[in-house]
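Enquirer: The following block contains the structure, expressed as structure tokens.
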Amino acid sequence: MISVDSLTVQHGGSALFSNISFSINENDKIALMGKNGAGKSTLLKIIAGVGKPSSGGVSAPKDFVISYLPQHLLTKDDATVFEETSKAFASYLDMKTEIEALNEELTVRTDYDSEEYYKIIEKVSELSEKFYSIEEVNYEAEVEKVLLGLGFERADFQRPTSEFSGGWRMRIELAKILLQKPDLILLDEPTNHLDIESIQWLEEFLTEKAKAVIVISHDRAFVDNITTRTIEVTMGRIYDYKAKYSHYLELRKERREHQQKAYEEQQKMIADNMQFIERFKGTYSKTLQVQSRVKMLEKLEIVEVDEVDNSALKLRFPPSPRSGKYPVIVEELSKSYDDHVVFKNASMTIERGQKIAFVGKNGEGKSTMIKAIMGEIDFEGRLELGHNTQIGYFAQNQASLLDENLTVFDTIDRIAVGEIRSKIKDLLGAFMFGGDNSMKKVKVLSGGEKTRLAMIKLLLEPVNLLILDEPTNHLDMKTKDIIKDALKAFDGTLILVSHDRDFLDGLVTKVYEFGNKRVREHFEDINGFLAYKKMENLREVEK
């Protein structure tokens, strides 16, 4: 279907990847994996046709449609949400308009025998054949279905796109891609701006309605649910596994074990031969044997062991100062902005040491509740913090509070105390600030890098109530695992806002669901909650 042939990309003097080839078949669902900086996004851009390789190329059949959703995108602000999304059907609607215009012209012309008249007839026939071969679509119903699936309300449809944040605009672009029904969909971190319900809807769409898909994602559960093939980019090469992500991890481990064994055997063979050469290089009777072994070693292709990060960094929070038995008590809390009610009569009692999740669609009040706990907004009702509650708060804007004149290393060095001081470089490396990157000034960091640095800073401060609002955006899977392990061992209280099910799994024991202007308490972990929600959704469908 699509052929990627001998791609090479040079950056500076070194190759990002070299001479890689693979095919993308009809209905393939592929996860593109590899550590940060391995070249995944670069490869996706080349397949999309928006990036160019140093050599090699990508070939696809004629009229083959590829749609690409990058990590960062700005839509134009010249339309409403519904109008912008309807642009997915632009070519279909343009064709319909052109056929109608040509037919209208035929009814008013009287030069029936002229060459121009016959040309119009031919054009109408050609366009009509193409138009009627396309399955007739009620495009307005399709647009509505996709927008609702991605979390928009009907009231949003006529709002201008300029009123929405970057994350919501990304959803509009995603909606347009899904509606175009392309032959290949390329998605770079599509779940970063989606809530749990929208991710579930997207999973269902991609598995049941999409054709071929290639996705880069740090959401392990999402990748496992939609893909059946994994392509790993590592050390300038690719490995192609006909397996979903979780199975690929097992196969990769086996591959590296085989590589390691072959490498050790080869190194022993090299050492034995070098010893023989050194011992007999001046011995006349052994000259031919020595020369033969020298030539053999010169031609030898050294076995490489694929890079694997063996640093067993165990991140631990400092011991929490002891708080009262109930760090947060909320009773009959209501919040409105003018006529817009966010939630009414919300109540929750959070016990010391509990780890809970706030979940629900974006805009349903999760961040509003956190602002109330932080004392940043006024409200109706009662909210009380327990004795000696010390809050550590992580939100996306934490990045803007960093001192821009410090280096990455100095930012952490100033607050690290105790045993972790000897491991600052390991800690920075785990968060992708290894080597020279630790000496970068904060002011030159990207938004994602600043977010990661703010996260490290928070992890080192002694608090007993941690509030984390979408902490896993911009983090790769290894870093997420390090944070998750640290949060499991954290002896304080945790409130976590996240749409990353894999991150929440095994970490939180209670869920508060925000939606329909109320807050509902669920006494189960995230899997129990999702199982319950699935049943509820089915009942709604039946109604």
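The values are calculated or read from the model by the stated rules, or taken from the named source; none is laboratory data. Quick caveat, the model's predicted, so the values are computed rather than measured. All Cβ positions, glycine included, derive from the backbone under ideal geometry; neighbour counts span all protein chains shown. Please note that ligands, DNA and RNA were not included when accessible areas were found on the heavy atoms of the full protein model with its side chains. Shrake-Rupley method; radii C 1.70, N 1.55, O 1.52, S 1.80 Å.
Enquirer: Out of contact with any Phe, Trp or Tyr (no Cβ under 9 Å at 6 or more places or on another chain), open to solvent by less than 80 Å² (accessible area, probe 1.4 Å) and over 30 Å from residue 429 (Cα atoms), is that true of residue 341?
Expert: yes
Enquirer: Another one. I'd like the residue in the range 344-366 that is in a strand (DSSP E or B) and among the charged types (D, E, K, R) and, out of all such residues, is least open to solvent (accessible area, probe 1.4 Å).
Expert: Here the answer is 355.
Enquirer: Next question. How many residues does the range 401-442 hold that are under 24 Å from residue 484 (Cβ atoms), in contact with a strand residue (DSSP E or B) (Cβ under 9 Å, 6 or more places away or on another chain) and not small (Gly, Ala, Ser)?
Expert: Going through the range 401-442 one residue at a time, the tally reaches 1.
Enquirer: Now, a different point. What number of residues within the range 190-209 are closer than 13 Å to residue 361 by Cα and among the hydrophobic types (A, V, I, L, M, F, W, C)?
Expert: 4
Enquirer: So in the range 83-97, with the set limited to residues that are out of contact with any helix residue (DSSP H, G or I) (no Cβ under 6 Å at 6 or more places or on another chain) and of a type outside the set (Lys, Arg), which one is nearest to residue 140 (Cα to Cα)?
Expert: In this case the residue turns out to be 83.
Enquirer: Restricting attention to the range 30-64, which residues are open to solvent by less than 40 Å² (accessible area, probe 1.4 Å), farther than 30 Å from residue 130 by Cβ and assigned to a strand (DSSP E or B)?
Expert: 30, 31, 32, 33
Enquirer: Might you let me know whether the range 195-211 holds any residue that is open to solvent by 30 Å² or more (accessible area, probe 1.4 Å), of a type in the set (Ser, Thr, Tyr) and at negative phi?
Expert: yes
Enquirer: Related question: Would you say residue 155 is open to solvent by 10 Å² or more (accessible area, probe 1.4 Å) and part of a helix (DSSP H, G or I)?
Expert: Working: open to solvent by 10 Å² or more (accessible area, probe 1.4 Å): yes; part of a helix (DSSP H, G or I): yes.
Against the criterion (open to solvent by 10 Å² or more (accessible area, probe 1.4 Å) and part of a helix (DSSP H, G or I)), residue 155 qualifies.
Enquirer: I've got another one for you. From the list 436, 426, which one is within 23 Å of residue 489 (Cβ to Cβ), surrounded by fewer than 17 Cβ atoms within 10 Å (Cβ to Cβ) and modelled with pLDDT under 80?
Expert: Just one listed residue meets the conditions, 426.
Okay, residues lined up against (1) within 26 Å of residue 319 (Cβ to Cβ); (2) part of a helix (DSSP H, G or I):
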{"position": "404", "(1), (2)": "no, no"}
{"position": "410", "(1), (2)": "yes, yes"}
{"position": "425", "(1), (2)": "yes, yes"}
{"position": "436", "(1), (2)": "no, yes"}
{"position": "452", "(1), (2)": "yes, yes"}
{"position": "478", "(1), (2)": "yes, yes"}
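Enquirer: Further, regarding this structure: Does any residue of the range 260-283 turn out to be among the aliphatic types (A, V, I, L, M), in contact (Cβ under 8 Å) with a residue 40 or more places away in the chain, under 28 Å from residue 479 (Cα atoms) and open to solvent by 20 Å² or more (accessible area, probe 1.4 Å)?
Expert: Scanning the range 260-283, I find no residue that is among the aliphatic types (A, V, I, L, M), in contact (Cβ under 8 Å) with a residue 40 or more places away in the chain, under 28 Å from residue 479 (Cα atoms) and open to solvent by 20 Å² or more (accessible area, probe 1.4 Å), so the answer is no.
Enquirer: Right, another one. Do we have any residue at all in the range 212-227 that's under 13 Å from the mean Cα position of the chain (by Cα) and at positive phi?
Expert: No: zero hits.
Enquirer: Also, quick follow-up: Determine which single condition residue 94 fails, assuming it passes every other condition in (1) within 27 Å of residue 158 (Cβ to Cβ); (2) more than 27 Å from the chain's Cα centre (by Cα); (3) surrounded by 12 or more Cβ atoms within 10 Å (Cβ to Cβ).
Expert: (3)
Enquirer: Related question: In the range 482-520, how many are of a type in the set (Gly, Ala, Ser) and either within 23 Å of the chain's Cα centre (by Cα) or open to solvent by less than 10 Å² (accessible area, probe 1.4 Å) (or both)? Give the derivation first.
Expert: Step one: filter the range 482-520 for residues of a type in the set (Gly, Ala, Ser), giving 486, 489, 492, 498, 506, 515.
Of the ones still in play, those that are also either within 23 Å of the chain's Cα centre (by Cα) or open to solvent by less than 10 Å² (accessible area, probe 1.4 Å) (or both) are 486, 492, 498, 506.
Residues flagged as of a type in the set (Gly, Ala, Ser) and either within 23 Å of the chain's Cα centre (by Cα) or open to solvent by less than 10 Å² (accessible area, probe 1.4 Å) (or both) within the range 482-520 amount to 4.
Enquirer: Suppose we filter 419, 384, 376 for residues that are modelled with pLDDT of 90 or more, of a type outside the set (Phe, Trp, Tyr) and more than 29 Å from the chain's Cα centre (by Cα); which single one remains?
Expert: One residue alone meets the criteria, 384.
Enquirer: List pairs: first in the range 367-382 and without any contact (Cβ under 8 Å) to a residue 24 or more places away in the chain and within 18 Å of residue 338 (Cα to Cα), second part of a loop (DSSP other than H, G, I, E, B) and of a type outside the set (D, E, K, R), Cβ under 6 Å, 6+ apart or cross-chain?
Expert: Note: pairs meeting the criteria are 371/377.
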